[in-house]
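Note sheet for the following structure.
The values are calculated or read from the model by the stated rules, or taken from the named source; none is laboratory data. Worth saying up front: this structure is predicted, and the values here are computed from it rather than measured. Glycine also receives a Cβ, built like all others from the backbone with ideal geometry; neighbour counts cover every protein chain displayed. Heads up: the accessible areas ignore ligands, DNA and RNA and are worked out on the full protein's heavy atoms, side chains in. Shrake-Rupley method; radii C 1.70, N 1.55, O 1.52, S 1.80 Å.
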Amino acid sequence: MKIAVIGQSLFGQEVYCQLRKEGHEVVGVFTIPDKDGKADPLGLEAEKDGVPVFKFPRWRARGQALPEVVAKYQALGAELNVLPFCSQFIPMEVINAPRHGSIIYHPSLLPRHRGASAINWTLIHGDKKGGFTIFWADDGLDTGDLLLQKECEVLPDDTVSTLYNRFLFPEGIKGMVQAVRLIAEGTAPRHPQPEEGATYEGIQKKETARINWDQPAEAIHNWIRGNDKVPGAWTEACGQKLTFFNSTLNTSGLVAQGEALPIPGAHRPGLVTKAGLILFGNDDRMLLVKNIQLEDGKMMPASQFFKGSDNSALELTEAELVTAEAVRSSWMRILPNVPEVEDSTDFFKSGAASVDVVRLVEEVKELCDGLELENEDVYMATTFRDFIQLLVRKLRGEDDQSECVINYVEKAVNKMTLQMPYQLFIGGEFVDAEGAKTYSTINPTDGSVICQVSLAQVSDVDKAVAAAKEAFENGLWGKINARDRGRLLYRLADLMEQHQEELATIEALDAGAVYTLALKTHVGMSIQTFRYFAGWCDKIQGATIPINQARPNRNLTLTKKEPVGVCGIVIPWNYPLMMLSWKTAACLAAGNTVVIKPAQVTPLTALKFAELTLKAGIPKGVVNILPGSGCALSNVKKVSLELGGKSPLIIFADCDLNKAVQMGMSSVFFNKGENCIAAGRLFVEDSIHDQFVQKVVEEVEKMKIGNPLDRDTNHGPQNHEAHLRKLVEYCQRGVKEGATLVCGFFFQPTVFTDVEDHMYIAKEESFGPIMIISRFADGDVDAVLYRANATEFGLASGVFTRDINKALYVSDKLQAGTVFVNTYNKTDVAAPFGGFKQSGFGKDLGEAALNEYLRIKTVTFEY
């Protein structure tokens with residue numbers, strides 16, 4: 001069909017483009033005159049295509065159509081007028097002129113909310129359903145016959161912008177194209193509008209947007225969001241007019257404590273808190289406002305109202321200065337009437353409109369490797385100086401300017417003053433558990449209480465999962481590109497390195513880890529893990545797959561690797577920070593968000609880690625940490641489990657005996673035996689058995705047991721008292737069954753010999769510094785392999801021999817996820833780690849770990 005498009009804005013531009021793609025001939029575009037030297041997007045697009053563009057300032061005078069305007073229109077011979085969004089009054093001589101008449105888009109479900117502020121009133125009235133109507137134009141005000149309607153759910157915190165961007169804009173474009181298609185096919189309906197339920201509301205203006213405080217919180221919230229962004233709901237307070245934006249009724253977990261903001265006419269004073277401004281309805285319910293605009297036009301976080309603006313300016317690097325100049329050029333293009341963009345140039349005072357905000361956001365996205373600003377960001381930083389500061393903070397991952405309040409327990413220990421958070425970490429904030437529940441975390445060295453730690457409740461889990469889900473689905477984490485995600489993880493690793501002595505001291509204090517070992521392994525490998533997986537962020541990729549072609553057409557099949565979403569991670573107590581890092585680093589690198597439950601007895605390094613994620617700029621809600629007792633119900637979830645084992649270590653007579661003794665000691669006593677891959681049973685070839693045992697006993701007697709913070713300590717306390725009691729019972733059972741205790745008991749490193757296969761200690765993991773030694777006959781390789789594999793576990797294993805053929809044969813036959821040859825405990829961040837059989841499934845570390853946190857989607861095209 002021959003179509004005349006009458007309207008304006010990006011919406012009009014998109015409708016125009018889609019109609020041309022459908023094969024329709026747009027014979028002319030009628031749009032508004034240029035404003036401040038800037039052409040409307042619809043007119044610009046049509047001019048590029050060589051379509052006639054008309055910019056009449058008006059279509060009629062004194063109630064009569066202007067003949068010259070009507071003549072120019074009629075000369076085009078349009079068969080249909082399409083009005084996607086039009087702010088001008090079009091005379092009926094034009095509306096009725098085409099053979100098919102005229103259709104208009106209206107952003108409400110007519111007959112409800114006739115008039116120019118339909119979206120505003122949909123929200124102000126608290127409608128649960130919204131949508132749009134395409135109707136046949138008549139001489140009434142939005143009263144023509146209905147052609148097509150589509151509805152959507154109105155979310156509790158929707159604003160005009162979110163509702164428009166989520167549904168009314170994208171689906172409205174499709175709806176206009178569909179309507180034209182129905183007209184072309186001759187099947188377009190004409191349903192008279194019912195008068196029942198019809199409403200008409202006037203245009204919302206600033207002077208009519210004042211808040212009425214004598215109503216419930218929900219009504220106040222609806223009024224604020226219904227006027228957000230234009231014209232803006234306002235009140236008078238502190239001697240000036242304050243306009244409120246970004247309102248929510250989701251106040252779960254908020255405590256009504258803060259600095260009072262008296263508001264004339266309000267039921268109660270507002271409260272400025274770190275979350276924003278709490279307001280109250282006449283029903284005493286709360287709502288939260290996150291942004292305030294001052295009378296001078298300055299926008300600020302509501303949490304900063306009494307603090308004023310932050311005057312600390314970032315010093316830009318050379319690369320950032322180059323970016324700033326590129327953005328300055330973008331401002332120049334958008335603001336043609338400004339001869340020069342200076343630091344003090346105000347975007348909106350220089351003539352920018354809402355459409356220019358969209359354009360600026362898109363141009364920044366192109367200039368800054370896909371960085372996605374929100375429209376809100378432009379309103380929050382209106383001068384060029386402030387905008388560049390905001391932009392650079394986002395590029396650095398430092399965009400959150402709201403102050404996070406962290407309460408610490410301080411302890412002077414190891415020649416430093418430790419500052420340890422002790423509350424739950426949910427949605428980027430440290431908060432008390434529901435009901436202020438706490439428990440004691442104990443120093444295993446002396447049994448003293450380190451501090452009280454928040455004890456998470458079921459409701460806290462729900463909040464953490466909701467925060468992680470919001471961060472994954474709607475937050476910055478899911479929008480930034482993979483390379484930027486990697487940059488944030490690198491920064492987190494750097495911060496962990498800067499705080500490594502502090503983290504190692506907390507591990508010694510809370511978990512009894514020997515400080516020097518904690519520094520090298522607990523913390524050192526944690527840093528390496530985050531650096532390793534930071535490098536993987538932009539290397540997670542799918543594949544293209546050749547499949548049978550659907551002849552005569554062709555097919556293209558590809559796979560995409562996508563994050564699974566919110567992941568729950570449960571951390572053991574033997575390596576509190578390292579186990580957290582092994583799992584969390586891969587999880588975050590894959591693009592997921594996490595809820596972490598540290599072991600109840602060792603929560604403190606996890607909470608210090610939470611603090612470092614804030615400093616690194618990890619967005620709120622990406623990492624959540626819940627100390628507590630924990631429990632789980634089984635359901636259909638993807639699971640990765642590492643469950644410990646009873647790892648065999650086979651020592652042949654042809655080995656390097658001294659090395660085998662040293663490595664055998666390490667395989668059992670490393671980290672006090674609290675080591676998932678500890679050698680749970682040593683099989684020593686008969687001809688060297690007695691010599692091996694003698695050397696082990698001599699070495700054990702040299703080990704210093706003591707305070708884990710002393711630099712010469714080899715062996716610290718077991719992690720907690722209940723575990724100590726279990727180890728004592730373990731040893732007592734071994735003696736009772738006839739094994740020989742040759743060294744130690746309470747609880748220096750302990751060695752058992754003459755251990756038979758049927759004994760409890762031969763089959764069960766001690767998870768402590770207990771060496772279990774069994775003989776095997778000289779040369780009987782297959783027999784010892786049978787005994788080594790006769791366990792339900794299969795996490796790790798080892799072999800010592802100088803015979804390479806024997807080493808390869810044994811490593812092939814051992815049923816374990818890891819086999820060490822002439823070494824032990826040699827793990828690396830690049831090597832996959834995980835067990836067979838009852839030792840679990842899934843992998844930590846290496847590229848394989850990423851697969852635990854990804855799902856593969858197959859996409860097939862036909863062309």
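So here's what we get for this one:
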read-out: Qualifying residue in the stretch 679-687 (condition: among the aliphatic types (A, V, I, L, M) and closer than 24 Å to P603 by Cβ); value: no
read-out: Qualifying residue in the stretch 139-155 (condition: closer than 30 Å to F280 by Cβ and open to solvent by 20 Å² or more (accessible area, probe 1.4 Å)); value: yes
read-out: Residue match in the stretch 133-152 (condition: over 37 Å from the mean Cα position of the chain (by Cα) and of a type in the set (S, T, N, Q)); value: yes
read-out: Index of the failed condition, D803 passing every other in (1) under 21 Å from D654 (Cβ atoms); (2) touching a Pro at 6+ places or on another chain (Cβ under 8 Å); (3) among the acidic types (D, E); value: (2)
read-out: Residue in the stretch 506-524 that is charged (D, E, K, R), within 21 Å of P572 (Cβ to Cβ) and in contact (Cβ under 8 Å) with a residue 24 or more places away in the chain present; value: yes
read-out: Failed item, numbered, when N165 is tested on (1) without any contact (Cβ under 8 Å) to a residue 24 or more places away in the chain; (2) under 27 Å from L294 (Cβ atoms); (3) outside any helix (DSSP H, G or I); value: (3)
read-out: Residue in the stretch 232-254 that is acidic (D, E), out of contact with any helix residue (DSSP H, G or I) (no Cβ under 7 Å at 6 or more places or on another chain) and either within 18 Å of D296 (Cα to Cα) or free of Cβ contacts under 8 Å to residues at least 12 places away in the same chain (or both) present; value: yes
read-out: Residue list for the stretch 360-383, restricted to those being open to solvent by 30 Å² or more (accessible area, probe 1.4 Å), touching a residue at least 60 places away in the same chain (Cβ under 8 Å) and either of a type in the set (G, A, S) or over 22 Å from I292 (Cα atoms) (or both); value: D369, E372
read-out: Index of the failed condition, G144 passing every other in (1) at pLDDT 95 or above; (2) outside any loop (DSSP other than H, G, I, E, B); value: (2)
read-out: Subset of the stretch 671-701 that is modelled with pLDDT under 90 and of a type in the set (D, E, K, R) - its residue that is surrounded by the fewest Cβ atoms within 10 Å (Cβ to Cβ); value: E701
read-out: The lone exception for L556 - which of (1) of a type outside the set (S, T, Y); (2) in contact with a strand residue (DSSP E or B) (Cβ under 9 Å, 6 or more places away or on another chain); (3) without any contact (Cβ under 8 Å) to a residue 12 or more places away in the chain it fails; value: (3)
read-out: Among residues of the stretch 805-846, those that are under 28 Å from the mean Cα position of the chain (by Cα) and either in a loop (DSSP other than H, G, I, E, B) or surrounded by 17 or more Cβ atoms within 10 Å (Cβ to Cβ) (or both), counted; value: 13
read-out: Residue in the stretch 47-61 that is over 23 Å from D356 (Cβ atoms) and charged (D, E, K, R) present; value: yes
read-out: V51 vs. criteria buried (at least 22 other Cβ atoms within 10 Å of the Cβ) and within 29 Å of I334 (Cβ to Cβ); value: no
read-out: All strands (runs of 3 or more DSSP E) inside the stretch 229-335 with 1 or more residues being exposed (fewer than 15 other Cβ atoms within 10 Å of the Cβ); value: 233-237, 240-248, 259-261
read-out: Search result, residues across the stretch 147-162 that are in contact with a strand residue (DSSP E or B) (Cβ under 6 Å, 6 or more places away or on another chain) and part of a loop (DSSP other than H, G, I, E, B); value: V154, D157
read-out: Within the stretch 1-33, considering residues that are under 42 Å from the mean Cα position of the chain (by Cα) and among the acidic types (D, E), the one least open to solvent (accessible area, probe 1.4 Å); value: E14
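Conditions (1) in a loop (DSSP other than H, G, I, E, B); (2) under 22 Å from E25 (Cα atoms), marked per residue:
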residue: E47; (1), (2): no, yes
residue: P57; (1), (2): yes, no
residue: A71; (1), (2): no, yes
residue: N81; (1), (2): no, yes
residue: Q88; (1), (2): yes, no
residue: R99; (1), (2): yes, yes
